[in-house]
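All remarks here apply to the structure that follows.
None of the figures in this text is laboratory data; all of them are computed from the coordinates on show. What you are looking at is a predicted structure, and each value in this text was computed from that prediction instead of being measured. Because the Cβ atoms are built from the backbone with ideal geometry, glycine has one as well, and the counts that use them run over all protein chains shown.
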Amino acid sequence: MYKFTYSVYRRPFRQPLTTSHGKWEIREGIIIQLTDPSGRSELGEIAPIPWFGSESIDRSIEWCQQVGDNINTDKIYRIPDELPACQFGFGSALTAFDLSRSSTLAPHFELSGLLPAGAAAIAQLPALVRRGYSTFKWKIGVLPIVQEEAIWRQLLVDLPIDAKLRLDANGGLTQTTAERWLEICSAEARIEFIEQPLAPAEIERTIALAARYHTPIALDESVATFDRIQAAHARGWRGIYVIKPGIAGFPWRLAKFITRHQLDVVFSAVMETKVGTAAAWRLAADLKISRSLGFGVEDWFDDDL
Ligand SMILES: O=C(O)CCC(=O)c1ccccc1C(=O)O
Ligand SMILES: [Mg+2]
């Protein structure tokens with residue numbers, strides 16, 4: 001039995017996070033604390049993204065409210081699959097009790113720096129290069145393709161020769177614009193992958209696209225939650241999986257599936273605080289994930305949570 005407390009936070013982004021889904025201005029989430037009978041406490045974070053396929057913040061708060069002052073492991077294991085961010089928050093707090101204090105220190109990882117959408121990326125890139133980043137992500141499918149293509153060309157001029165660029169369409173391309181991006185990228189070895197070119201349901205069409213072009217394709221929205229990861233694998237996806245542990249359910253279940261099927265994985269932020277980040281990085285270390293983590297997002301908030 002654990003004593004349970006929680007607090008809801010609101011963090012405004014320094015500038016709104018613009019994707020092909022629209023603008024995101026404030027990250028709301030929950031920090032939970034479990035305390036065992038010996039008095040040891042561990043934290044967990046619930047940081048949902050409803051427009052990505054997780055529960056809403058209101059559903060998460062409701063779930064925390066009905067828990068009451070105490071919770072046991074059985075009740076945690078029974079958090080329903082409709083609440084994947086709650087499963088991750090409670091699940092990672094629970095597994096933290098199995099670790100010694102020193103092993104909860106964050107190991108060192110290569111991070112991918114998240115650039116702002118549009119032309120602002122050109123201005124931002126040099127600062128991130130100076131800070132040591134060598135992998136970057138830029139959002140596409142936000143502006144008309146002719147404009148984005150021009151910005152992309154300038155980004156490649158400024159990108160160090162040994163650096164890598166990820167292009168994230170957030171499902172916002174059509175068959176025609178996806179083919180156009182794959183064509184122009186095929187002559188450019190520094191493109192690590194194009195992420196989620198087509199709508200989340202279009203897995204078969206994405207498999208067909210991946211077979212025709214040299215540039216690797218990653219799925220993100222299509223594999224946002226644990227059931228979607230399983231479904232995409234069952235439908236034959238063997239490309240890259242961008243996984244946001246923060247909304248992918250129980251960490252032990254995710255780890256087992258990635259290992260069993262030897263998935264090629266990129267871990268990615270849900271714009272969580274250090275609490276959720278530490279839990280995701282522990283999982284990345286356990287799984288020995290080699291691709292740069294999509295957690296280079298420190299510039300996106302003014303605070304230091
Ligand atoms: O993965 C990264 O590199 C940064 C995180 C990121 O891009 C992101 C952050 C919040 C919501 C959606 C996304 C996304 O990958 O689409
Ligand atoms: Mg993405």
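Tabulate in residue order the Karplus-calculated ³J(HN,Hα) for the stretch 288-305, using 6.51 cos²θ - 1.76 cosθ + 1.60 with θ = phi - 60°, rounded to whole Hz; enter x for Gly and Pro.
Couplings: 6, 6, 9, 6, 3, 6, x, 10, x, 10, 4, 6, 7, 10, 7, 7, 10, 7 Hz.
If each residue's Cβ is checked for other Cβ atoms within 10 Å, how do 265, 8 rank with the fewest at the top?
So the ranking, lowest neighbour count to highest, is 8, 265.
Hey, can you grab everything whose amide H is under 5 Å from the amide H of residue 294? Only 5+ residues off in sequence or another chain; H modelled, so Pro and N-termini drop out.
Under 5 Å from the amide H of residue 294 lie the amide H atoms of 112, 267, 268, 269, each far enough along the sequence or on another chain.
Separation between the residue 77 and residue 231 pseudo-spin-labels, each 7 Å from Cα along Cα→Cβ, expressed in nm?
Here the modelled spin labels are 2.7 nm apart.
Return the long-range amide H neighbours of residue 166 (sequence gap of 5 or more, or a different chain), with a cut-off of under 5 Å between placed amide H atoms.
Amide H neighbours of residue 166: 136, 137, 138, 192.
For residue 286 paired with residue 301, estimate the spin-label separation in nm (one decimal), with each label point 7 Å from Cα along the Cα-to-Cβ line.
Going from the residue 286 label point to the residue 301 one covers 2.3 nm.
How large is the helix-only mean residue ellipticity at 222 nm for the chain, computed as the sum of -39500 (n - 2.57) over DSSP H runs with n ≥ 4, divided by its residue count, in deg cm²/dmol to the nearest 500?
Estimated from H runs of four or more residues: -11000 deg cm²/dmol.
Is there a quick way to get the dipole size of the stretch 111-300? I mean about its Cα centre, with the Cβ of Lys and Arg at +1 and of Asp and Glu at -1; what is the value in debye to the nearest 20?
For the stretch 111-300, the charge dipole is close to 580 debye.
Sorted by mean Cβ packing within 10 Å, highest first, what order do the peptides 292-300, 23-31 take?
Final packing ranking: 292-300, 23-31.
For the stretch 29-41, just list the computed ³J(HN,Hα) in residue order, Karplus coefficients 6.51, -1.76 and 1.60, θ = phi - 60°, integers in Hz, with x standing in for Gly and Pro.
3J(HN,Hα) across the stretch 29-41, in whole Hz: x, 9, 9, 10, 10, 10, 10, 7, x, 7, x, 6, 10.
With each label point set 7 Å from Cα along the Cα-Cβ vector, what nm distance links residue 28 and residue 253?
Between residue 28 and residue 253, the label points sit 2.6 nm apart.
At a 10 Å Cβ-Cβ cut-off, how would you order 290, 60, fewest neighbours first?
290, 60
Please list, in order along the stretch 12-20, the HN-Hα scalar couplings obtained from phi with the Karplus expression 6.51 cos²θ - 1.76 cosθ + 1.60 (θ = phi - 60°), rounded to whole Hz, x for Gly and Pro.
Karplus values, whole Hz, x for Gly and Pro: x, 6, 4, 10, x, 7, 9, 10, 5.
Pairs to check: 3/137; 3/23; 139/274; 23/244; 164/256; 75/244. Give those whose C-alpha atoms are more than 31 Å from each other in this structure.
3/137; 3/23
Which order do 174, 135 fall in if you start with the one that has the fewest other Cβ atoms within 10 Å?
Ranking 174, 135 by Cβ neighbours within 10 Å, fewest first, gives 174, 135.
Relative contact order of the chain: what whole-number percent is it, with Cα pairs under 8 angstrom and at least 6 residues apart?
Reported relative contact order: 20 percent.
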